[in-house]
Amino acid sequence: MTTAGLHWIAGDADAGVRLDKFLAAPGRLGSRGKAVAALERRKIFVNDDEADIADAARRLVSGDVVRAWVDRPGSAKRRPRTGPTGDLDIVYEDDALLVVSKPPGILSVPLERSPDVSSVYDQIEQRLRSHGKRRPFVVHRIDQDTSGLVVFAKDPTSQQRLKAQFARRQPERVYLAVVYGHPSPAAGTWRDVLVWDTKALIQKETDRRDPSGMEAVAEYRVVETFRDASLVEVRLRTGRRNQIRIQARLRGHTLVGEQRYVYGPDSLRPIAFGRQALHAYRLEFEHPGDGRALAFEAPPPPDFADLLTRLRRP
């Protein structure tokens with residue numbers, strides 16, 4: 001039995017609606033991400049029976065009583081993986097640069113439109129200042145709900161040299177993504193022309209004659225296939241914002257958990273996951289000081305690993 005919390009009764013209009021979609025509606029939990037998180041932490045009960053992430057696709061029946069035990073003991077959100085500096089998972093550090101593995105849910109750098117969202121930049125700045133050093137210098141970034149490797153410089157010269165490498169498309173940037181369907185052929189190149197919509201804040205496909213269009217190129221290969229999805233390795237050759245997310249969508253292989261680059265009804269995306277399933281797995285570049293080759297890898301975080309475990313079940 002549940003204790004005090006939120007509860008709703010499914011009406012006739014809710015009959016046949018997925019449990020996660022029902023929970024995500026305005027006036028309930030308010031987003032699919034929150035719904036998935038609540039199911040993962042076993043905070044949801046249907047007719048007083050505990051539900052978990054495996055019940056996300058359960059279809060409700062009129063009269064079902066759905067409860068959310070928001071403050072259930074032991075269900076607090078797990079802290080990001082920690083390294084020797086608390087919340088920062090530092091993969092490599094020297095006098096010129098710092099490479100971190102960013103957990104999902106926090107920004108790479110602060111955004112004016114999201115002042116209350118924490119960022120890796122803020123964490124690094126706090127750490128450097130506690131050691132009597134100055135602020136970090138941004139080299140590149142990954143999306144808030146994408147996990148994985150990001151490099152920051154510690155001085156303007158190192159920043160300039162590292163950014164020049166990225167401008168030349170020199171660094172090796174490899175991602176792991178879980179997409180719907182089975183890309184065919186199993187390996188190849190995605191090549192598109194994209195334009196950033198400044199009002200909608202999304203990438204869109206455009207004509208090659210569009211003067212605002214930017215070429216987007218990525219190489220992919222299927223690493224593992226599941227019944228309704230695939231684990232894909234994507235190597236970026238360009239670095240457009242949201243590039244992998246839009247390029248996968250343009251080919252009918254929307255990322256699992258994707259909320260922005262989608263098409264059609266939710267029933268086309270039945271796999272429950274609280275964010276886009278995208279992880280910056282490998283990063284290679286030259287040291288800005290002495291030019292030696294540096295290569296780093298970061299294993300997927302627990303939520304990504306758990307998703308793969310679920311997909312591998314018969």
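The values are calculated or read from the model by the stated rules, or taken from the named source; none is laboratory data. A quick note: this is a predicted structure, and the numbers were derived from the prediction, not measured. Cβ: placed from backbone, ideal geometry, glycine included. Neighbour counts: every protein chain shown. These area figures cover heavy atoms from the full protein model, side chains too; ligands, DNA and RNA do not enter into them. Shrake-Rupley method; radii C 1.70, N 1.55, O 1.52, S 1.80 Å.
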Cα→Cβ-extended label distance, 7 Å offset, between residue 251 and residue 55, nm:
3.8
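Ignoring ligands, DNA and RNA, what accessible area per residue does the chain give at 1.4 Å, in Å²? Working shown, then result.
Working: 15870 Å² over 314 residues.
Per-residue accessible area for the chain comes out at 51 Å².
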Dipole-positive endmost among 218, 238, 201 within the range 196-250 (Cβ charges, Cα centre)
201
Carbon + sulfur, % of accessible area of the chain - ligands and nucleic acids excluded, 1.4 Å:
48
Which GluC sites (Glu not before Pro) in the range 101-179 sit in a loop by DSSP (not H, G, I, E or B) and have at most 11 other Cβ atoms within 10 Å of their own Cβ?
112
Correct choice for Rg and Dmax of the Cα atoms in Å that was computed from the model, options (i) 25.3, 108; (ii) 22.4, 87; (iii) 21.2, 68:
(iii)
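When a/c reaches 1.5 or more, the comparison of a/b and b/c decides; with that in mind, is the range 193-314 rounded, prolate or oblate per its Cα gyration tensor? Write down the numbers at each step before the final one.
Details: a/c = 2.14, a/b = 1.07, b/c = 2.00.
Oblate is the answer for the range 193-314, as a/c is 1.5 or above yet b/c matches or exceeds a/b.
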Would you please state which residues of the range 259-289 a label at residue 157 would reach in this model, taking the label point 7 Å out along Cα→Cβ and a backbone N cut-off of under 15 Å?
287-289
Using +1 at the C-beta of Lys and Arg and -1 at the C-beta of Asp and Glu, which of 27, 101, 270 has the Cα lying farthest in the positive direction of the dipole of the chain?
101
Could you give each residue of the range 163-173 its phi-based ³J(HN,Hα) in whole Hz, using Karplus coefficients 6.51, -1.76, 1.60 with θ = phi - 60°, and x for Gly or Pro?
5, 5, 4, 5, 4, 7, 6, 7, x, 8, 10
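What's the FRET efficiency of residue 109 with residue 187 using the Cβ-Cβ distance as r and R₀ = 30 Å, to the nearest 0.05? Kindly include the intermediate steps, with their values, before the conclusion.
Values: r = 33 Å, r/R0 = 1.11.
For residue 109 and residue 187, the calculated efficiency is 0.35.
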Can you give me the long-range amide H partners of residue 237? Hydrogens built in the peptide plane at 1.01 Å from N, cutoff under 5 Å, separation of 5 or more residues or another chain.
217, 218, 219
Rounded to the nearest 0.05, FRET efficiency between residue 241 and residue 71 (Cβ-Cβ, R0 41 Å) equals 0.65
Using a Förster radius of 41 Å, what is the FRET efficiency between residue 308 and residue 196 based on their Cβ-Cβ separation? Nearest 0.05, please.
0.85
Straight-line reach only, C-alpha to C-alpha below 12 angstrom: list the aspartates and glutamates that residue 21 could link to, leaving out same-chain residues fewer than 8 apart.
55, 266
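What dipole magnitude, in Debye to the nearest 20, does the range 164-235 give about its Cα centre under +1 on Lys/Arg Cβ and -1 on Asp/Glu Cβ?
Working: 11 positive and 11 negative charges, 38 e Å.
My answer is approximately 180 debye.
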Any aspartates and glutamates whose Cα falls less than 16 Å from that of residue 133, other than same-chain ones fewer than 8 residues away, would be 93, 94, 95, 122, 125, 155
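Of the listed pairs 154/204; 34/102; 34/163; 102/204; 43/199, which have alpha-carbon separations greater than 29 Å here?
Values: 154/204 34 Å; 34/102 20 Å; 34/163 36 Å; 102/204 26 Å; 43/199 37 Å.
Where the Cα-Cα span goes over 29 Å, the pairs concerned are 154/204; 34/163; 43/199.
Treating the beta-carbon of each Lys and Arg as +1 and of each Asp and Glu as -1, no other charges, what is the dipole magnitude of the chain about its Cα centre, to the nearest 20 debye?
Values: 52 positive and 42 negative charges, 93 e Å.
Charge dipole of the chain: 440 debye, to the nearest 20.
Under a point-charge model restricted to the Cβ atoms of Lys and Arg (+1) and Asp and Glu (-1), what is the dipole moment magnitude of the range 96-136 relative to its Cα centre, in debye to the nearest 20? Please report the intermediate quantities before stating the final value.
Working: 7 positive and 4 negative charges, 48 e Å.
In total the dipole reaches around 240 debye.
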